[in-house]
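First the structure, in the form of structure tokens, and then the observations on it.
The values are calculated or read from the model by the stated rules, or taken from the named source; none is laboratory data. Only a predicted model underlies this, so the values are computations on that prediction, with no experimental measurement involved. Counting neighbours? That spans all protein chains shown, and the Cβs are built from the backbone with ideal geometry, glycine included.
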Amino acid sequence: MKNILVIGSGAREHAIVHTLSRSESVREIHAVPGNPGMLSLATAHPMPDISPATIFPLVEQHAIDLVVVGPEAPLVAGMADILRSAGIAVFGPGRAGALLEGSKIHAKKFMDRWGVPTAPWEACRTLSEVEDALGRRSAPFIIKADGLAAGKGVFVTATREEAIAAAENLLVKEALGEAGRRLIVEDALSGEELTVLAVSDGTAYRILPPSQDHKRVFDGDKGPNTGGMGAYSPVPWVDESLLEKVRRSVLDPTFEGLRREGVPYCGVLYAGLMVDPDGLPRVIEYNVRFGDPEAQVVLPLLEVDFAEMLMACCEGRLADFPWKEPVRWAADVVLASGGYPGVFEKGKVISGLDSASSLENFFLFHGGTGLSADGSIVTDGGRVMSAVGIGVSLEEALAKAYEGAARVAFENMHYRRDIGRRALALQRGGE
């Protein structure tokens with residue numbers, strides 16, 4: 001029996017905790033800092049500073065067997081390296097591997113070195129360089145901040161003027177600080193977006209159910225990009241032939257490149273892909289952790305012991321780990337605060353939680369929640385909750401997700417009403 005510590009406080013980490021709680025090999029789950037939704041499953045340890053110095057005492061005090069690092073920032077900062085050097089099992093790549101997300105320029109150079117298909121790109125440090133790069137492209141124009149930006153560093157602009165304004169906001173006005181000191185200007189890719197998550201022990205890897213995120217804030221893919229307004233898994237138009245293309249052209253050269261460059265990679269690799277009309281996948285971005293909201297739909301579908309799978313990665317025995325393909329579907333509708341993804345409100349009392357949680361095949365994963373002085377659960381972030389439905393079909397999973405979402409309420413709550421709609425249309429068209 002294992003004691004596991006999960007680092008993070010979002011809906012992704014709540015989904016990780018929930019999936020670990022289903023494991024027969026888990027004794028205790030601890031979370032740093034955790035969130036109110038986890039409290040029935042894990043012991044939360046709220047603390048303002050999450051660093052190895054604060055994690056080490058918890059590991060010793062609670063005899064932690066495995067640390068799971070949820071967010072990207074601690075990974076990019078090298079937390080996994082420091083914990084591993086002390087003999088602690090960690091699921092999450094070290095700093096060298098995490099740089100695939102920590103720097104988009106580094107990731108692009110890595111892809112070019114190892115022949116991983118991606119959009120043509122240029123690195124820019126000045127507005128003049130941005131203007132030159134834009135002059136070699138046609139709309140839509142893509143501007144990306146090089147560093148970590150919590151999902152707010154990508155700008156898809158319809159005109160050259162909008163692209164220059166986005167670049168000026170980053171380079172001159174320093175809207176994202178250090179993360180925006182260097183930019184990428186890249187060609188726009190057309191097709192269908194797809195997320196493929198693969199867990200790895202550094203040698204072998206295993207593909208988890210594919211998923212599709214919805215980035216724009218409003219129905220019909222309108223409005224600004226967000227961290228993700230919903231997702232579903234699996235993806236009806238993804239067959240074994242497409243997954244084999246992803247393996248051969250993206251995952252194999254990525255993991256081979258890491259090995260040959262001497263970068264150990266124990267953790268999950270997130271391949272954000274664009275699949276063109278000819279069925280060819282190209283990498284939009286790498287992430288080095290479970291996505292949010294992708295984790296909320298992929299992890300509940302797993303038919304294996306999640307804790308044992310993570311330990312198999314840490315111990316280099318993933319190739320021998322028994323696997324059972326998932327058979328269900330999951331859909332996630334993100335409930336967001338008024339104003340999100342811009343300036344949003346906090347402290348709004350959330351009602352209907354007990355009613356929603358009483359539904360079968362439905363989960364509420366807390367993302368941005370907190371506790372008020374009187375113990376009420378209140379909003380404390382932009383993406384407040386993930387309403388996740390499970391079903392034997394995508395249609396059933398979506399119906400359950402929206403049924404649960406309708407039972408939750410807080411002032412100025414908003415969410416997309418069309419999650420998965422295009423997938424359903426494509427699925428019906430193919431029937």
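A few points about this structure:
- Residues of region 147-173 classified as under 12 Å from residue 186 (Cβ atoms) and within 21 Å of the chain's Cα centre (by Cα), total: 3
- Any chance residue 84 is closer than 22 Å to residue 227 by Cβ, surrounded by fewer than 22 Cβ atoms within 10 Å (Cβ to Cβ) and of a type outside the set (Gly, Ala, Ser): no
- Every pair of residues 6+ apart whose Cβ atoms lie under 8 Å, when the first sits in region 348-371 and is in the same structural domain as residue 391 (by TED's automatic domain parsing) and closer than 19 Å to residue 398 by Cβ while the second is among the β-branched types (Val, Ile, Thr) and in a helix (DSSP H, G or I): none
- Residue in region 224-239 that is assigned by TED's automatic domain parsing to the domain that holds residue 285, outside any loop (DSSP other than H, G, I, E, B), polar (S, T, N, Q) and touching a strand residue (DSSP E or B) at 6+ places or on another chain (Cβ under 6 Å) present: yes
- Listed by position, the strands (runs of 3 or more DSSP E) contained in region 92-189 that have at least 1 residues being modelled with pLDDT under 95, in contact with a strand residue (DSSP E or B) (Cβ under 6 Å, 6 or more places away or on another chain) and of a type in the set (Asp, Glu) form an empty set.
- In region 205-216, residue farthest from residue 231 (Cα to Cα) [restricted to those that are in contact with a Gly (Cβ under 8 Å, 6 or more places away or on another chain) and surrounded by fewer than 21 Cβ atoms within 10 Å (Cβ to Cβ)]: 216
- Within region 369-380, none of the residues are part of a strand (DSSP E or B), under 19 Å from residue 233 (Cα atoms) and out of contact with any Pro (no Cβ under 8 Å at 6 or more places or on another chain).
- Residue that is surrounded by the most Cβ atoms within 10 Å (Cβ to Cβ) [pool: residues in region 168-182 that are more than 13 Å from residue 152 (Cα to Cα) and in contact (Cβ under 8 Å) with a residue 24 or more places away in the chain]: 171
- The residues of region 42-57 that are surrounded by fewer than 17 Cβ atoms within 10 Å (Cβ to Cβ) and either in contact with a Lys or Arg (Cβ under 8 Å, 6 or more places away or on another chain) or not in a strand (DSSP E or B) (or both), listed by number, are 46, 47, 48, 49, 51, 53, 54, 56, 57.
- Among the residues listed as 97, 92, 37, the single one being closer than 23 Å to residue 178 by Cα, small (Gly, Ala, Ser), buried (at least 16 other Cβ atoms within 10 Å of the Cβ) and within 22 Å of the chain's Cα centre (by Cα): 97
- At least 3 residues being surrounded by 21 or more Cβ atoms within 10 Å (Cβ to Cβ) is the threshold, and among the helices (runs of 4 or more DSSP H) wholly inside region 274-359 those reaching it are 294-298, 306-314.
- In region 139-154, the residues that are touching a residue at least 40 places away in the same chain (Cβ under 8 Å) reach residues that are part of a loop (DSSP other than H, G, I, E, B) and polar (S, T, N, Q) with C-beta atoms within less than 6 angstrom, at least six apart or across chains, in these pairs: 146/103.
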